[in-house]
Amino acid sequence: MLQIKNLYLRYKVICDNLFFVALVQIFGLIAPLITYPYLVGVLGIDLYGMVLTAQVLVNYATLLIEFGSNFVCAKNVSIHQNDKKKLSEIVSSVLITRFLLWVISFFVYMAVVWVIPNYRTYWPLFLSSYLMTLQELLFLQFFFQGIEKLKIVSLLTIIVKLVFVFFVFIFVKEQSDYLYVPILYGVGYMLSGLIALYIVFCKMGIRFVIPSFKQQWRYVKECSPILATNLVCTIKDKFNYMFVGAFVSMGDVVIYDLGLKLMEVLLKPTNVMTTVLLPRFAKNKSVDNLKFTILFVFSINFIAVVVFNIFMGEIVVFFLHEQIDLLPLRLLSVVPLFLGASVVLANNFMIGFGYNQYVFYSILITTFAYLISLFMIWITGCMNSLYGFIFIALVAYIVEFLYRLYVFRMLSLKKY
C-alpha cells in the first residue's frame, strides 16, 4: 500500500489529469450513447440517420475551426506555462483564428447544404446543427491540457452537458421535435465553452491581446500540418457516412455510426492517455517510455475488444431495439488493436517529439489506400453493401498504423 501511495504522490499531477481528462472524454462519448436508444425509438432509424448525417457535416466545420490547435498549442502552453504574457499571446491568437475560421466555415457549410437537394429539404436541421461548432470555437482544451490543471473545468463541463442530456428526454417526445436535438447539444456546448473562457480570463489571469500578424501567422503555420492531416483524415473517416447514406440506406448509417461510436468507447482510454502524456513527452522525449505506453495501450485494448465481443448482441439490441447481423460490428471492433498504437505514435511521438509533418504524410498515404479501396469496391459492385465500407475502413487503419510504425522505427534508431 505504501508503495502505491508513494507512486501516486510521485506522479500525482499525471494521475489527477488522467482522471479528469478521462472523465470529460468518457462523458463526452457516453452522453450521445445515453440518448441513442431513446432517439432511435422516438425519431425512427431513418430520420435519426439524417440527424447523424448533419452532425457528420458539422464535424468537417469543427476540424477547420480547431485548425490543429488543441495538440500543437498544448505543447506551446506547456513550454511557456510560467510566462503569462506568452500565454496571453497564445490564447488570443487561437481565439482570433478560430473565430475567423468559424465565420468562413458557416458560409461554406450552408452553401453545401443548399447545393445538395436532400440536405436542402432539412436545412433547419443543418442550420441548428452548426451550433455544435461552438464547442471548438470557445472551449480552450489546449490551455488546460498544457498547464496540466483540468479538475475544475472538467467537472463544470460535465455538469453542464449532463443537464442538457436530461433536457433531450424532456423536450424530444415525437418526430417533429427532432430540431431540439442539435439545439440542446449546441447550447450545452456553448455554456461549457463560456465557462472555460471565464476560468481562463477571470481566474487564471490571462489577458486578451491583439497579437501582431507575424505572431498570429506563426501559430497558424505551426498548426497547419495538423489541420491538413485532420482534413485529409476526414476523407477516409467521414466520407463513408455519406456513401453509406447515398448507396446503402439511412438505416445503415445508424448501424455504421453505432459501430464507430462503440469503437470510440474502446479507444477512449488510449485517447485519454495520449492527451495527458503529450506535455510530458514534449519535454522529456523518452523513447523507452513511449514503447511502454504502446505496449500498455495494446494490452488494455485487447481486453476491451474481447469483453465487447462477448456482450455485443445485448449491446446492439439495447441501442437499436432490434437484432441485426453482428459481423460488420465484430469486424470494426478489432480496429482498436492497431489504431490505439497508431494514435500513440501520432500524438505522443510525431507531435510530442516535433515531427508534425509525418502525421500529415501518414494521412496522405492512408487516404491514397482509402481511395484505392473505394475504387475496388466500386468496380466489384459492392457499393450497395455495408461490408464494402467496413473493408475500406479496415484497410485504411491498417495502412496508417504500418506507416507510423515504420517512421517510429526509422527516427528512433537514427536519433535516439
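The values are calculated or read from the model by the stated rules, or taken from the named source; none is laboratory data. Being a predicted model, the structure only gives us computed values, none of them experimental. Cβ atoms come from the backbone with ideal geometry, glycine included; neighbour counts cover every protein chain shown.
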Among what's in segment 72-118 and is part of a loop (DSSP other than H, G, I, E, B) and over 24 Å from Q357 (Cβ atoms), pick the residue that is modelled with the highest pLDDT. I116
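One line per residue, one yes/no per condition, for (1) assigned to a loop (DSSP other than H, G, I, E, B); (2) crowded, with 19+ Cβ neighbours inside 10 Å:
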| residue | (1), (2) |
| --- | --- |
| V316 | no, yes |
| L331 | no, no |
| N348 | no, yes |
| Q357 | no, no |
| F360 | no, yes |
| I372 | no, no |
| M376 | no, no |
| M383 | yes, no |
Might you check whether a residue that is small (G, A, S), farther than 26 Å from F142 by Cα, surrounded by fewer than 20 Cβ atoms within 10 Å (Cβ to Cβ) and free of Cβ contacts under 8 Å to residues at least 24 places away in the same chain occurs anywhere in segment 228-247? yes
Go through segment 305-341 and give me each residue that's in contact with a Ser or Thr (Cβ under 9 Å, 6 or more places away or on another chain) and either small (G, A, S) or free of Cβ contacts under 8 Å to residues at least 24 places away in the same chain (or both). M312, G340, A341
Contact list, first residue from segment 350-361 and over 15 Å from L402 (Cβ atoms), second anywhere and not in a helix (DSSP H, G or I), beta-carbon distance below 9 Å, six or more apart or interchain, is G352/K285; F353/K285; F353/Y416; G354/K285; N356/G68
Which numbered condition trips up V276, out of (1) at pLDDT 85 or above; (2) under 22 Å from A31 (Cα atoms); (3) not aromatic (F, W, Y)? (1)
Output the residue which, of all residues in segment 396-410 that are surrounded by fewer than 20 Cβ atoms within 10 Å (Cβ to Cβ) and at pLDDT below 90, is nearest to M350 (Cα to Cα). V407
Of the conditions (1) more than 18 Å from V181 (Cβ to Cβ); (2) buried (at least 17 other Cβ atoms within 10 Å of the Cβ), the single one that L131 does not satisfy is (1)
Look at I65 and say whether it is modelled with pLDDT of 75 or more and either assigned to a helix (DSSP H, G or I) or aliphatic (A, V, I, L, M) (or both). yes
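To keep it simple, each residue is scored yes or no on (1) modelled with pLDDT of 75 or more; (2) surrounded by 15 or more Cβ atoms within 10 Å (Cβ to Cβ).
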{"position": "L2", "(1), (2)": "no, no"}
{"position": "Y8", "(1), (2)": "no, no"}
{"position": "D16", "(1), (2)": "no, yes"}
{"position": "F20", "(1), (2)": "no, yes"}
{"position": "G28", "(1), (2)": "no, yes"}
{"position": "P32", "(1), (2)": "yes, yes"}
{"position": "V40", "(1), (2)": "yes, yes"}
{"position": "Q55", "(1), (2)": "yes, yes"}
Exactly one of I210, I206, I255 is at pLDDT 75 or above, crowded, with 18+ Cβ neighbours inside 10 Å and not in a helix (DSSP H, G or I), and that one is I206
Residue, nearest to I65 (Cα to Cα), within segment 225-248, restricted to residues that are polar (S, T, N, Q) and modelled with pLDDT under 75: N230
Does L295 qualify as being more than 26 Å from I34 (Cβ to Cβ), surrounded by 13 or more Cβ atoms within 10 Å (Cβ to Cβ) and free of Cβ contacts under 8 Å to residues at least 40 places away in the same chain? no
Counted residues, segment 285-302 - those being closer than 19 Å to V334 by Cα and either in contact with a Cys (Cβ under 7 Å, 6 or more places away or on another chain) or of a type outside the set (S, T, Y) (or both): 8
For segment 181-210: of the residues being touching a helix residue (DSSP H, G or I) at 6+ places or on another chain (Cβ under 7 Å) and hydroxyl-bearing (S, T, Y), which is nearest to F169 (Cα to Cα)? Y185
Would you please name the residue that is surrounded by the fewest Cβ atoms within 10 Å (Cβ to Cβ), looking only at residues in segment 149-190 that are closer than 24 Å to V276 by Cα and of a type in the set (S, T, N, Q)? S154
Take the residues of segment 363-395 that are over 21 Å from L332 (Cα atoms) and not hydrophobic (A, V, I, L, M, F, W, C): which is modelled with the highest pLDDT? T380
